[in-house]
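Contents: one structure, followed by commentary.
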Amino acid sequence: MFLKSLEIHGFKSFADKTELVFLPPKEGKQSITAVVGPNGSGKSNIADAMRWVLGEQSMKTLRGKKNEDIIFGGSTAKGNMSAASVSMIIDNSDGRLPVEYEDLVITRRVYRSGESEYLVNGNTVRLLDLQILLANAHVGEGAYSVIGQGMIDRLLLQSSAERKDFFDEAFGIKEFH
Ligand code: ATP
């Protein structure tokens, strides 16, 4: 199982539909993809998009104040957009996830009107269904699979109960809580 690609459209600075394709494992080893660019060019927005599509609920974590802050707000070249959509494509050809799909496609969409939806391979699901699926795959929104800026710092300063959550996730026993 590995992260295959990410499609971002209307999310934060991504006005144009953008597809990021990540390198597949090679010779049995996972690959690394690095995103480089000047300050403020949108690198962290990619990490935010990953968190968001995995069900992140905290606007603070996403560096915004209200829901519509994550929808493209317009620039000198382009007007604002009415919706934001992010799809994460996970290669499940090794069948690690208990779903019938070789490619698992998770989509989250939000409209300026406030409506929002989650889809798994095009079928509407509840956030709870998505959370259970991701917990089984150990890639939940609060999981250590997305390490944000300052997260290691916070981990060191956390209470022991909060730290236990982190280790439960790492040991793969969080879904049994
Ligand atoms: P740094 O290296 O400083 O962390 P970065 O490359 O990670 O920067 P981000 O913080 O991801 O950059 O991107 C910030 C940019 O995204 C800013 O230019 C900001 O104006 C833009 N941005 C954020 N939200 C929106 C939005 N809703 N609509 C349009 N642009 C947005």
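The values are calculated or read from the model by the stated rules, or taken from the named source; none is laboratory data. Everything numeric here is computed off the predicted structure, so don't read it as measured data. Neighbour counts are summed over all protein chains in view; Cβ atoms, including those assigned to glycine, are modelled from backbone coordinates with ideal geometry.
Please go through the stretch 44-71 and give me each residue that is under 14 Å from Arg109 (Cα atoms), within 12 Å of the ligand (Cβ to nearest atom), among the hydrophobic types (A, V, I, L, M, F, W, C) and in contact with a Gly (Cβ under 8 Å, 6 or more places away or on another chain), ordered by number. Result: Ile70, Ile71.
Just give me the residues in the stretch 1-12 being more than 10 Å from Ile89 (Cα to Cα) and more than 13 Å from the ligand (Cβ to nearest atom), in sequence order.
Within the stretch 1-12, just Met1 meets the criteria.
Which residues, taken from the stretch 21-48, are crowded, with 16+ Cβ neighbours inside 10 Å and either of a type in the set (Asp, Glu) or farther than 21 Å from Gly64 by Cα (or both)? Matches in the stretch 21-48: Asp48 only. Exactly one residue out of Ser87, Ser13 is among the hydroxyl-bearing types (Ser, Thr, Tyr), in contact (Cβ under 8 Å) with a residue 40 or more places away in the chain, under 20 Å from Val120 (Cα atoms) and touching a helix residue (DSSP H, G or I) at 6+ places or on another chain (Cβ under 8 Å): that is Ser87. Scanning the stretch 99-149 for residues that are at pLDDT 90 or above and on the phi > 0 side of the Ramachandran plot yields a total of 3. For the stretch 79-89, the count of residues that are within 28 Å of Asp168 (Cβ to Cβ) and away from the ligand (no atom under 16 Å from the Cβ) is nonzero. Scanning the stretch 13-43 for residues that are near the ligand (Cβ under 9 Å from one of its atoms) and touching a Lys or Arg at 6+ places or on another chain (Cβ under 9 Å), we see that the one that is farthest from Val105 (Cα to Cα) is Gly37. Sort out which residues of the stretch 1-30 are modelled with pLDDT under 95 and either in a strand (DSSP E or B) or of a type in the set (A, V, I, L, M) (or both), and write them in order of number. Within the stretch 1-30, Met1, Phe2, Leu3, Leu23, Lys26, Lys29 qualify.
Of all the numbered requirements in (1) of a type in the set (S, T, N, Q); (2) loosely packed, with under 13 Cβ neighbours inside 10 Å; (3) in a strand (DSSP E or B), Ser87 misses one, and that requirement is (2). Here is a check on your reading of the model: is Glu100 part of a loop (DSSP other than H, G, I, E, B), of a type in the set (Asp, Glu) and within 18 Å of Val146 (Cα to Cα)? Criteria not met by Glu100.
Of everything in the stretch 150-176 that's over 26 Å from Leu119 (Cβ atoms) and in contact with a helix residue (DSSP H, G or I) (Cβ under 7 Å, 6 or more places away or on another chain), which residue is modelled with the highest pLDDT? Taking the candidates together, the pick is Arg163. Among the numbered conditions (1) touching a residue at least 60 places away in the same chain (Cβ under 8 Å); (2) over 20 Å from Gly150 (Cα atoms); (3) among the acidic types (Asp, Glu), the only one that Glu56 does not meet is (2).
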